1. Does Gly16 satisfy the criteria of being assigned to a helix (DSSP H, G or I), among the small types (Gly, Ala, Ser) and modelled with pLDDT of 70 or more?
2. Can you tell me which residue within the range 22-55, out of those that are of a type in the set (D, E, K, R) and in a helix (DSSP H, G or I), is surrounded by the fewest Cβ atoms within 10 Å (Cβ to Cβ)?
Amino acid sequence: MYKVPGSGVAVGTGLGSLAATGAGVTWWVVAGVVLLVSGLFLTHSVRRRRAIADE
């Protein structure tokens with residue numbers, strides 16, 4: 001494992017190490033949640049349209 005100089009934390013061992021490296025974890029978590037919610041919404045919309053078209 002690679003250690004960030006001066007941090008004493010190995011990179012890749014968890015969120016704590018990402019915070020120690022200065023990586024913007026919050027941005028990635030928010031982007032993931034937004035993509036997940038939009039994907040669920042689009043899937044629901046398409047399934048509803050197909051159900052109406054099949055009637």
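1. On the way: assigned to a helix (DSSP H, G or I): yes; among the small types (Gly, Ala, Ser): yes; modelled with pLDDT of 70 or more: no.
No; evaluated as a whole, the condition is false for this residue.
2. Residues of the range 22-55 of a type in the set (D, E, K, R): 47-50, 54-55.
Next, from what is left, pick out any that are in a helix (DSSP H, G or I): 47-50, 54.
On the way: Arg47: 10, Arg48: 10, Arg49: 10, Arg50: 9, Asp54: 6.
So, considering only residues that are of a type in the set (D, E, K, R) and in a helix (DSSP H, G or I), the one surrounded by the fewest Cβ atoms within 10 Å (Cβ to Cβ) is Asp54.
The values are calculated or read from the model by the stated rules, or taken from the named source; none is laboratory data. Owing to the predicted nature of the structure, the values given are computational and were not obtained by experimental measurement. Cβ sites come from the backbone with ideal geometry, for glycine too, and all protein chains shown count toward neighbours.
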